[in-house]
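Asks: Have a look at the structure that comes next, please.
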Amino acid sequence: MNELRVDNLHVTIGDQQIVRGLSLAVPPGEVHAIMGPNGSGKSTLAKVVAGHPDYHVTKGKITMDGADILGMEADERARKGLFLAFQYPSEIPGVTIANFLRAALQARLPEGEELEATDYYAKLYEKMELLGMDRSFTSRSVNEGFSGGEKKRTEILQLAMLQPKYAILDETDSGLDIDALKVVARGVNMMRGPGLGILLITHYQRLLNYIVPDHVHVMVAGRIVRSGGKELALELEERGYDWARESAGEMAVTR
Amino acid sequence: MKPETKAVDIDRNVGDFHYKIDYARDAGRGLSEKTVHFISEVKEDPDWVREFRLRGLKTFLEKPLPTHWASKDLETIDFDKIRYYLAPGTTAKRNWEEVPEDIKRTFERLGIPEQERKFLAGVEAQFDSEAVYSNIKKAVGEQGVIFVGSTEGLKKHPEIFRKWFGKVIPIGDNKFSALNSAVFSGGSFIYVPPGVKVKHPLQAYFRINAESFGQFERTLIIADEGSEVTYMEGCTAPKFETATLHSAVVELVALKGAKIQYITVQNWSSNVFNLVTKRGLAHDDAEIKWIDCNIGSRLTMKYPGVVLKGRKSRGEVLSIALANNGQHQDTGAKMIHAADETTSNIISKSISIGTGRATYRGLVHVPKHLKNCKNNTECDALLINATSRTDTYPAITVRGTGNAVQHEASVSQVSAEQIFYMQQRGLTEAQAMSLSVNGFVNDLVRQFPMEYSVELKRLIELEMEGSVG
């Protein structure tokens, strides 16, 4: 079945259990939002799905269009069509955005095949324009000396260029002022469509005013405690996470 | 299978192969006066050269190894096991057709004749002890530019050769310059007449083919007043179980207003001890620039220097060192200011991978009586693994007023998060590493000639591929 699917996932880092039996399915064409308080395991979930080597999956499954991806390295998952927009994107000194994206696209081509440079630049400039980015950006080193807004915009530019099947956006709204938030949201909305499944991770309801989700899940203490439509986000905003915690039962009390 | 193909060992490393060659001239193992006389006989040295060699031998035997400050690893070199002179017994040819087949094949695999056609003004190819090919484009030769091997240079152009030979780097400069003085063979002699600007680079390629061998080329470049020349050298050797020694001496002389750019991209196999002395002498308004890329070898000790003898002369060292598992790159620069208004610039970048160790050793000397001298030194180190090591030993002596010196150093590490970030974009771990490393050296590589920056990028990729799982 075509979807990004997480089944009964349990994750530890060191001896600490962070995700405790989480299940979720994001089909292409849908936007799912995961909301939750700090420390609920949202970012861990994002990294584990992307294949971060520090986390240990003790139980459960992650599949992409039916294929088990848990045994794959992060780069293999990426080439299969998984994208993670990072909450804190890394700086890569000396490597320009243009060269970095070119290398990333080249890595997706069969051996011996060369990326067509003119097509590449045409596409890059087109996407940058849509995101309101100046062309001079391409010759800057990836994320080096970028403002919070520039970093997030660069993440969305990469998303637009790499055209994955599934994208996880980890706290893409954090550190953005309202104008930057609108630009980023516009970029994401442009890419919405039947070919892309989006998992949107956020602490605040604010982002969901601009990227309206199809489904909302509330994550507390490593599990999804409540799922619903977009109105759930508003309800959560009104009642606060304590309400979600209470409904999650005693296992959430420790958090 | 034909016997000629059987003798070839191919590895994925570009330079790691060797052919069986019949050496008509072989000085045997070990070093004594007999060895020196053998070399002098074979090369038909003039008397003054034979005497120079014997002085070199004496000094070499007297001097201790510089292990007190550098590396105990030098003590593992067994000078009695090394072969100091090996040559096929033919002279350097002017066209590739005449070069013996096995040797020609070697250079063809390394791509030298192809590069020559594409962008070089002249090429010299040295195989073990002697040049087997040496040619300069007709137009360049007609301008009066001399580009020959050292043996030919000292015989045919003694009036220029003798004037400068051993003057920039005296025999007793260090133990290895003395060793080179005793047994030197091969290397280039270049003279550029006043005002002549050689547009395309002259290239030398140094190839070690034999096991337990020592290569001791000697290069002397003289750029006469107002002339300009770029010289590039490349080097490779097959990977043997036993140690190989490469100990060159390179002397540059830039007369008034002349410019010399000397570029090295070495790619030694990990059994090579690379102990090289390189120094230039810059007269009034002259400029000497060393671009030095050290990849491979077991231990490299090399500190290209410029003696800024003339007023307003400039010296520059741009260097990149990549120390992979088990390797030690002990490199740096020396800038000796000896006149007013002289400027020097040192930019050094090193990368340590696995258990690799990179050491920067710099010397900047500005005496008290000088005025308006400037030095800028930047050294940046990149560590790939937790086991990688880097050390910096800058020795800066700047006395007097009105002289300016600036020194910056940084150490950074490729973080696991950075690699994960790049892997998430679809790059393999090795691709991510090599992109990081290329990014780290990028601003420096941009100053290199195009052909060499491409070559360097490729070498870095090969190194990173080999170092990751």
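Derivation of every value follows stated rules applied to the coordinates shown; laboratory data play no part. The structure presented is a predicted model; accordingly, all values stated were derived computationally and were not measured. Positions of Cβ are backbone-derived with ideal geometry, glycine not excepted, and every protein chain shown enters the neighbour counts.
Asks: Mind putting a number on the dipole of the protein assembly as shown about its Cα centre? Charges go on the C-beta only, +1 for Lys and Arg and -1 for Asp and Glu, and I need it in Debye to the nearest 20.
Replies: Using Cβ point charges on Lys, Arg, Asp and Glu, the protein assembly as shown gives about 1440 debye.
Asks: Expected output is a single nm value to one decimal: the length gained when fully extending between B:Met450 and B:Glu241, i.e. 0.36 nm times separation in residues minus the C-alpha distance. What is it?
Replies: 71.8 nm
Asks: Something else now. Once you place label points 7 Å from the Cα toward the Cβ at B:Lys371 and A:Met190, how far apart are they in nm?
Replies: Between B:Lys371 and A:Met190, the simple spin-label model gives 6.2 nm.
Asks: Kindly provide log₁₀ I(q)/I(0) values, in the same order as q = 0.14 Å⁻¹, from the Debye equation applied to equal alpha-carbon scatterers of chain A.
Replies: Once normalised to I(0) and log-transformed, intensities are -0.97.
Asks: Taking the Cβ-Cβ separation of B:Asn385 and B:Asp47 as r and a Förster radius of 51 Å, what is the calculated FRET efficiency to the nearest 0.05?
Replies: 0.40
Asks: So, one more: With both partners inside the protein assembly as shown, how many of the DSSP beta bridges are antiparallel, as a percent to the nearest 5?
Replies: About 20 percent, rounded to the nearest 5.
Asks: Now a separate question. Between A:Ala117 and A:Ser136, 0.36 nm times their residue separation minus their Cα-Cα distance comes to what?
Replies: Separation in residues times 0.36 nm, less the Cα-Cα distance, equals 5.1 nm.
Asks: Sticking with this one: I'd like the FRET efficiency for B:Glu378 and B:Lys63, computed as 1/(1 + (r/R0)^6) with the beta carbon distance as r and R0 of 30 Å, rounded to 0.05.
Replies: Step by step, r from the Cβ atoms, then E = 0.35.
Asks: Separate question: Ordered by packing density, taken as the mean number of other Cβ atoms within 10 Å over each peptide's residues, highest first, how do B:79-87, B:250-258, B:396-404, A:82-90 rank?
Replies: B:250-258, A:82-90, B:79-87, B:396-404
Asks: Calculate the spin-label point distance for A:Asn209 paired with B:Ile396, positioning each point 7 Å from the Cα along the beta-carbon direction, and give it in nanometres.
Replies: 5.4
Asks: Nearest 500 deg cm²/dmol is fine: what mean residue ellipticity at 222 nm does the protein assembly as shown get from its DSSP H runs of n ≥ 4 alone, each adding -39,500 (n - 2.57), divided by its residue count?
Replies: Helices in the protein assembly as shown give a 222 nm mean residue ellipticity of -8500 deg cm²/dmol.
Asks: Working from Cα positions, state the angle (0 to 90°, nearest 10) between the long axis of helix A:148-162 and the longest principal axis of chain A.
Replies: 70
Asks: I'd like the antiparallel share, as a percent to the nearest 5, of DSSP beta bridges with both residues in chain B.
Replies: Among the beta bridges of chain B, antiparallel pairing accounts for roughly 10 percent.
Asks: Could you list A:Thr154, A:Thr12 in order of exposure, starting from the residue whose Cβ has the fewest other Cβ atoms within 10 Å?
Replies: In increasing order of surrounding Cβ atoms, one gets A:Thr12, A:Thr154.
Asks: Can you give the extra length, in nm with one decimal, that the chain gains between A:Ile178 and A:Gln106 once fully stretched, where that is 0.36 nm per residue apart less the Cα-Cα distance?
Replies: Result: 22.4 nm gained on full extension.
Asks: Further, regarding this structure: What does a probe at B:Asp340 reach in the stretch B:293-320, counting residues whose amide N is under 11 Å from the point 7 Å along Cα→Cβ?
Replies: Label zone hits: B:311-312.
Asks: ³J(HN,Hα) across the stretch A:90-104 via Karplus (A = 6.51, B = -1.76, C = 1.60, θ = phi - 60°), whole Hz, x for Gly/Pro?
Replies: 6, 8, 10, x, x, 9, 6, 4, 4, 5, 5, 5, 5, 4, 5
Asks: So for the pair A:Lys59, B:Arg109, with labels modelled 7 Å out along Cα→Cβ, what separation do we get in nm?
Replies: Roughly 5.8 nm, to one decimal.
Asks: Let me ask something else about it. Among the helices of chain B (complete DSSP H runs), which have Cα atoms covering no less than 20 Å along the helix axis and a Kyte-Doolittle mean of at least 0.5?
Replies: B:429-445
Asks: Hey, fewest Cβ within 10 Å first, where do B:Ser388, B:Ser129 land in order?
Replies: B:Ser388, B:Ser129
Asks: Next question, about the same structure. So if we plug the beta-carbon distance of A:Glu144 and A:Asp242 into 1/(1 + (r/R0)^6) with R0 = 45 Å, what FRET efficiency do we get, rounded to 0.05?
Replies: FRET efficiency, A:Glu144 to A:Asp242: 0.65.
Asks: Order these by the 10 Å Cβ neighbour count, fewest first: A:Arg239, B:Arg357.
Replies: A:Arg239, B:Arg357
Asks: Hey, another quick one. Taking a point 7 angstrom from the Cα of B:Ser212 along the C-beta vector, which residues in the stretch B:264-283 have backbone N less than 20 Å away?
Replies: Answer for the stretch B:264-283: B:269-274.
Asks: Further question on the same structure: So what are the three principal axis dimensions of the protein assembly as shown from its Cα atoms, in whole Å, longest to shortest?
Replies: 99, 71, 49
Asks: On to the next question. When the distances between all Cα atoms of chain B are binned every 20 Å from zero, what whole-number percent does each bin get?
Replies: The distribution over chain B is 25, 59, 16, 0, given as percents.
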